[in-house]
Structure formats: structure tokens, C-alpha cells
1. Residue 149 - would you say it is surrounded by fewer than 16 Cβ atoms within 10 Å (Cβ to Cβ), free of Cβ contacts under 8 Å to residues at least 24 places away in the same chain and assigned to a helix (DSSP H, G or I)?
2. Return the only residue of 119, 55, 108 being under 21 Å from residue 16 (Cβ atoms) and not basic (Lys, Arg).
3. For residues that are of a type outside the set (Ser, Thr, Tyr), in a helix (DSSP H, G or I) and within 19 Å of the chain's Cα centre (by Cα), tally how many sit in segment 176-202.
4. Six or more apart or on different chains, Cβ atoms under 7 Å: show the pairs whose first residue is in segment 200-214 and in the same structural domain as residue 93 (by TED's automatic domain parsing) and whose second is of a type in the set (Val, Ile, Thr) and in a helix (DSSP H, G or I).
5. Has segment 15-33 got at least one residue that is more than 30 Å from residue 82 (Cβ to Cβ) and surrounded by 12 or more Cβ atoms within 10 Å (Cβ to Cβ)?
6. Would you be able to tell me the number of residues in segment 19-31 that are of a type outside the set (Asp, Glu) and either out of contact with any Leu (no Cβ under 9 Å at 6 or more places or on another chain) or assigned by TED's automatic domain parsing to the domain that holds residue 67 (or both)?
7. Consider residue 168 against the criteria (1) surrounded by 11 or more Cβ atoms within 10 Å (Cβ to Cβ); (2) part of a helix (DSSP H, G or I); (3) not β-branched (Val, Ile, Thr): it satisfies all of them except one. Which criterion is unmet?
8. Could you tell me how many of the residues in segment 82-99 are of a type outside the set (Gly, Ala, Ser) and buried (at least 18 other Cβ atoms within 10 Å of the Cβ)?
Amino acid sequence: MTPTAGPTTPRERYRAQVRTEIKEHAWQQIATAGASALSLNAIARQMGMSGPALYRYFANRDDLITELIRDAYRSFADTARAAADAGADLAALAHTLRDWALVDPHRYLLIYGTPVPGYHAPDDITGIAAEIMAVLLDASSALPSDGTATPLDAHLADHRQWAGEHPAPPAAMRRALAFWTRLHGVLSLELAGHFGGMGFDPAQLFAAEVDGLLAG
């Protein structure tokens, strides 16, 4: 990713600082009441600002949610790419996903949990998400194939739009999708608290799922 230039003038630096503070308050609200309850007016009161003053930084609730989602996806994409560049294989990438999510579960759940009612993400969000899938496709393609074709392989060979221009063969696409869906399923259940009181270590379950996917 090409780094973008940061704010250079005092006015730009102040604006960036205020936007960062607004987002910090937004994350606190999300942690307390969920993204659907996000209120710019409440944030303005917490910051000692008027509502109209805050709207100079974010036009509306959806504008703020978009920024939070974009930040979360960018953080995850950069984390996945850094791990891959350091030599992480598919199993290591799976554990990188879990580690990233556990650091801030609300950030993970905002992008992979229940959609915010009435919110529609802009197209560039899909582009950042595609970067994450590209890392998984790279790692999946690096694994040896057993040469066995499945009906899903044949289907994916003709329906590969989701993979963009990545040259991964159908078997690698199938493996990447299996990792993506099954591991997100386990992780989402863990972060939503559904394993609480069951008496087992979620990390062990996640690791077993990774091993099972690699063996399959």
C-alpha cells in the first residue's frame, strides 16, 4: 500500500486530531451499546462541542461508521499483509486473524458481525476487504494440491469474480473460502460470548479447526 501524506498545516493537524478523538468516542459508544446506537450528538456533548460543530468533521452517522469500518479493514489488511510478508503460511495467518480480533473484539464485530441497520458501505470498503482475501489466496495457492477436484472446484472455476484477478486455481480458492467461512464462524461465536460457561478453551477449538482444514 502506498502511504498517504499526513496533515501538514496547523489547521489540518487540528482537524485530524479532532476526527481521531471523535472516532475514539465512537468506539466507546459501540463497545457500550453497539454500532446501531451510535449518536453524533452524544459524542458532541461528551467533547463539549455543539452538534453543528461536530458535523463539520463527519457529515452524518453513516459517514462516521464508514470511517470506522475503513480503519478496521485497513488495520486488518495491513496486519495480514505484514504477516504474509514475514513468511506466515495459511495456518499462521489464521492465528493472526484471531489475535487481531481478540485485541479489540468490537472492531472485529463491526466489520464481520451483524450489519448496522440502514447502513450501506461504499465500494472502496470492498476493495480493502479484497486485499485480505488476496493474502489468503496467496497462502492457499502455496500449499500442495492432492489433485482431487470437487464439485465446488468446478463451480468456482466459473464463478471467480470474488477473487478479482488473482490467478489461484479452483482448489486454492476452495481452501481459502473454507478457511474464511469456518474460522470466521468459530471466531464470531467466541467473540459474541457463545462459548461462555461451556468449560473449554476457545483457542484449542480454533487451533483444531485450523488443523482440520489443513488436513482436508
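The values are calculated or read from the model by the stated rules, or taken from the named source; none is laboratory data. Note that the structure is a prediction, hence the values are computed from the model and not measured. Here Cβ is always computed from backbone atoms with ideal geometry, including for glycine, and neighbour counts include all displayed protein chains.
1. Details: surrounded by fewer than 16 Cβ atoms within 10 Å (Cβ to Cβ): yes; free of Cβ contacts under 8 Å to residues at least 24 places away in the same chain: yes; assigned to a helix (DSSP H, G or I): no.
It is false that residue 149 is surrounded by fewer than 16 Cβ atoms within 10 Å (Cβ to Cβ), free of Cβ contacts under 8 Å to residues at least 24 places away in the same chain and assigned to a helix (DSSP H, G or I).
2. Details: 119 fails: under 21 Å from residue 16 (Cβ atoms); 108 fails: under 21 Å from residue 16 (Cβ atoms).
Within the list 119, 55, 108, the selection yields 55.
3. Applying the first criterion (of a type outside the set (Ser, Thr, Tyr)) to segment 176-202 yields 176-180, 182-187, 189-202.
Now drop any that are not in a helix (DSSP H, G or I), which leaves 176-180, 182-187, 189-191, 202.
Checking the rest, the ones that are also within 19 Å of the chain's Cα centre (by Cα) come to 176-180, 182-187, 189-191.
Final tally of qualifying residues: 14.
4. Sorted first by the residue in segment 200-214, then by its partner, the pairs are 205/186; 206/186; 209/186.
5. Within segment 15-33, the first condition is being more than 30 Å from residue 82 (Cβ to Cβ), and the residues that meet it are 32-33.
Cutting the leftovers down to surrounded by 12 or more Cβ atoms within 10 Å (Cβ to Cβ) gives us 33.
Yes, because at least one residue in segment 15-33 is more than 30 Å from residue 82 (Cβ to Cβ) and surrounded by 12 or more Cβ atoms within 10 Å (Cβ to Cβ).
6. We begin by selecting, within segment 19-31, every residue of a type outside the set (Asp, Glu); these are 19-20, 22-23, 25-31.
Cutting the leftovers down to either out of contact with any Leu (no Cβ under 9 Å at 6 or more places or on another chain) or assigned by TED's automatic domain parsing to the domain that holds residue 67 (or both) gives us 19-20, 25, 28, 31.
Number of matching residues: 5.
7. (2)
8. Taking segment 82-99 as the starting set, the residues that turn out to be of a type outside the set (Gly, Ala, Ser) are 85, 89-90, 93, 95-99.
Filter once more, keeping what is buried (at least 18 other Cβ atoms within 10 Å of the Cβ): 90, 93, 96-98.
Number of matching residues: 5.
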